[in-house]
1. Mind listing just one residue for me: the one in the stretch 127-166 that is closer than 28 Å to D219 by Cα and acidic (D, E) and, of those, surrounded by the most Cβ atoms within 10 Å (Cβ to Cβ)?
2. Just name the residue that is farthest from V185 (Cα to Cα) out of those in the stretch 84-121 that are part of a helix (DSSP H, G or I) and without any contact (Cβ under 8 Å) to a residue 12 or more places away in the chain.
3. I want to confirm something. Restricting to the stretch 20-64 and keeping residues that are of a type in the set (D, E, K, R) and more than 15 Å from the chain's Cα centre (by Cα), which single residue is nearest to V217 (Cα to Cα)?
4. Any residue at all in the stretch 22-40 that is of a type in the set (F, W, Y) and out of contact with any helix residue (DSSP H, G or I) (no Cβ under 7 Å at 6 or more places or on another chain)?
5. Every residue in the stretch 20-62 that is part of a loop (DSSP other than H, G, I, E, B), at pLDDT 90 or above and farther than 30 Å from R144 by Cβ, please.
6. From the residues in the stretch 73-115 that are in contact with a strand residue (DSSP E or B) (Cβ under 8 Å, 6 or more places away or on another chain) and of a type in the set (K, R), which one is surrounded by the most Cβ atoms within 10 Å (Cβ to Cβ)?
7. From the list L67, L78, pick out the single residue that is in contact (Cβ under 8 Å) with a residue 60 or more places away in the chain, assigned to a strand (DSSP E or B) and either under 18 Å from the mean Cα position of the chain (by Cα) or under 24 Å from F128 (Cα atoms) (or both).
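The values are calculated or read from the model by the stated rules, or taken from the named source; none is laboratory data. It should be emphasised that the depicted structure is a prediction, and the values quoted were computed from it without experimental measurement. Because the Cβ atoms are built from the backbone with ideal geometry, glycine has one as well, and the counts that use them run over all protein chains shown.
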Amino acid sequence: MLPALVLLHGFTQTRQSWRRTAQALAPRYRAVVPDLPGHGQAVHRTASFDACAAYVRALAPAPAFTLAGYSMGGRIALTAAFALADRLDRLVLIGASPGLADAAERQARRAADETLADRIVEIGVEAFAREWAALPLWEGQPERVRAAANADRLRNTPEGLASALRGLGTGVMEPLWDALPSLAVPVTLVVGERDAKFHAIAERMAAALPRAEIAVVPDAGHAAQLEQPAAVAALL
């Protein structure tokens, strides 16, 4: 039987965002790719880090597997890894962080996410998708990637995205910086070449984790698995 790999998508995405990466992995891995709470066809699942960790445990293949997550999915994967360490072969985090260590910064982010959640419900998915696509975070993305990312965002509902932001946003996440030294599984921290912010975060994480390496994906920004799916598949 092929080794198992669980792939967790980011905010505003669905399982379809992993399609090209999963296809590249198919000869070597059995990929499990769920829709996370608030996204795609999972809009009615409870959006919280504890619920997502339990969800990953329930769908994770036995006896062992690799867990990978991008951005929001990376935060969920990191949270779940502490409870599933005895079943993990490896943890791969793409453009992810352990949360905000500063309480004031965390409170401000939570308030901003609440405001954004209200706005998503008010203006609808199509208008929100246009605003989200205009963020500086996506600068340098090829047009084909932008188009695919936008199509994926439109698979969601405003209520689902608002729920995910309120339950799984960076502002509500309990920071895990202090817990990183206790995570014994091998961790690969993947960042796009143009993603300076998350490269710096990855360096801080690597310094705290017992068994970590940083992998930089050339010619990619924050969403490296969308821009360079074959390269990310090779890293996995």
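1. Within the stretch 127-166, the match that is surrounded by the most Cβ atoms within 10 Å (Cβ to Cβ) is D152.
2. Going through the qualifying residues, I end up with R119.
3. If we take residues in the stretch 20-64 being of a type in the set (D, E, K, R) and more than 15 Å from the chain's Cα centre (by Cα), then R20 is nearest to V217 (Cα to Cα).
4. The answer is yes; a qualifying residue exists.
5. Within the stretch 20-62, just S48 meets the criteria.
6. Looking at the filtered set, the residue picked out is R75.
7. That would be L67, the only listed residue that is in contact (Cβ under 8 Å) with a residue 60 or more places away in the chain, assigned to a strand (DSSP E or B) and either under 18 Å from the mean Cα position of the chain (by Cα) or under 24 Å from F128 (Cα atoms) (or both).
Listed here are the residues, each with its yes/no results for (1) under 21 Å from L226 (Cβ atoms); (2) over 19 Å from the mean Cα position of the chain (by Cα); (3) not aliphatic (A, V, I, L, M).
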| site | (1), (2), (3) |
| --- | --- |
| A83 | no, no, no |
| E139 | yes, no, yes |
| L161 | yes, no, no |
| G171 | no, no, yes |
| D178 | no, yes, yes |
